[in-house]
1. Any of Lys79/Lys247; Lys86/Lys209; Lys146/Lys209 with alpha carbons more than 32 Å apart? Name them for me.
2. To the nearest 0.05, what FRET efficiency results for Ser242 and Asn38 with a Förster distance of 51 Å applied to their C-beta separation?
3. With a 10 Å Cβ neighbour count serving as the proxy for reagent exposure, in which order, fewest first, do Glu136, Glu238, Glu94 appear?
4. Would you mind putting 168-178, 141-151, 248-258, 185-195 in packing order, based on average other-beta-carbon counts within 10 Å, highest first?
5. Taking 0.36 nm per intervening residue step and subtracting the Cα-Cα distance, what contour gain separates Leu138 from Arg162 on full extension?
6. Asp193 to Gln255: FRET efficiency via 1/(1 + (r/R0)^6), r the Cβ-Cβ distance, R0 25 Å, to the nearest 0.05?
7. Using the count of nearby Cβ atoms within 10 Å as a rough guide to exposure, how do Ile76, Ile103 rank from fewest to most?
8. Order of Ser242, Ser99 from fewest to most other C-beta atoms within 10 Å?
Amino acid sequence: MRVRHFRKCTGLCLLFVAAATSACVSTAEQQAAQKPVNEQSRFLRVARDLDAKGESGTALALYERAAQMSGADATIQVKLGNARLKAGDTDGAEKAFRSALQINPQDTTALLGLGTLQLQRGDPAAAARTLAPAAEALNAVSAYNKLGTALVLSGNAAAAERAFTKALTLQPGNLDTKTNLALAQALSNKLPDASAGMNSVVASPLAEKRHFVNYMIILSMSGDLARARAIAVPDMTESQKSQILAKASKLHSIQDPTKRAQAIGLLASA
């Protein structure tokens, strides 16, 4: 199509030299302008495919190239931030997410990325502030779960309950969300509700080791040590179970809600 257009243009040069020349130059300029954009799109497409195959290092290099070509493109900065975060470059990821937010302060995916980073760095209070608008705008299970986790670790169990409840509304069968909600309820001293919620979790054929461990911790917090000891935790010896229960019995002595939540998190991940 472009070749035929060029020939038509030169055929009219006898009468419209200036107009024809102007049109041909304009087309060439447009093609030159489109080339970086097309190359950038190619980098992004290949990077996405490589990332899906687990070749995150190569994908990151392509995201870096695309970001260099993009200028003020918040979307590409977010992709770069996520790639850096996946590679363990937290400083680089933060820089990319903040660059995206400078371009568009309301970019919800950039807020989600930055909030996730802050949560990983152990700053749950900052993470909760960043994730709150992101979760509300995105209305996604993962966003509400991250917000709830940040709120729990900040010592705000009541707000965490609301976040996890919203996540469950979106995906009622999510066992991790149900477990998170039960832990938030336990921290709010709603232990009967927490135990009842975990009953349905461990009854699922999809329940995994972490779900049983959390149930054991909640039963221990409820004072029901007999039931806690009776739980058969997959891939866990009786000795390991006794160690967890011994530590769980000390949770009530931790008065600070933030420190207690952090202690539960460490214990549950053991």
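Nothing in this text is a laboratory measurement; each read-out follows from the coordinates by a stated rule. None of these values were measured; they are calculated from a predicted model. As a convention, Cβ positions derive from the backbone with ideal geometry for all residues, glycine included, and neighbour counts pool all protein chains shown.
1. Working: Lys79/Lys247 41 Å; Lys86/Lys209 25 Å; Lys146/Lys209 21 Å.
Over 32 Å apart, Cα to Cα: Lys79/Lys247.
2. On the way: r = 63 Å, r/R0 = 1.23.
My answer for the efficiency is 0.25.
3. Values: Glu136 14, Glu238 9, Glu94 18.
Arranged by neighbour count, lowest to highest, Glu136, Glu238, Glu94 become Glu238, Glu136, Glu94.
4. Working: 168-178: 16.2, 141-151: 24.7, 248-258: 13.4, 185-195: 18.9.
Output ranking for 168-178, 141-151, 248-258, 185-195: 141-151, 185-195, 168-178, 248-258.
5. Details: separation 24, 0.36 × 24 = 8.64 nm, distance 1.59 nm.
Taking Leu138 through Arg162 to full extension adds about 7.1 nm, to one decimal.
6. On the way: r = 22 Å, r/R0 = 0.88.
That pair, Asp193 with Gln255, gives E of 0.70.
7. On the way: Ile76 23, Ile103 18.
Lowest to highest Cβ neighbour count: Ile103, Ile76.
8. Numbers: Ser242 11, Ser99 19.
Ascending number of Cβ neighbours within 10 Å: Ser242, Ser99.
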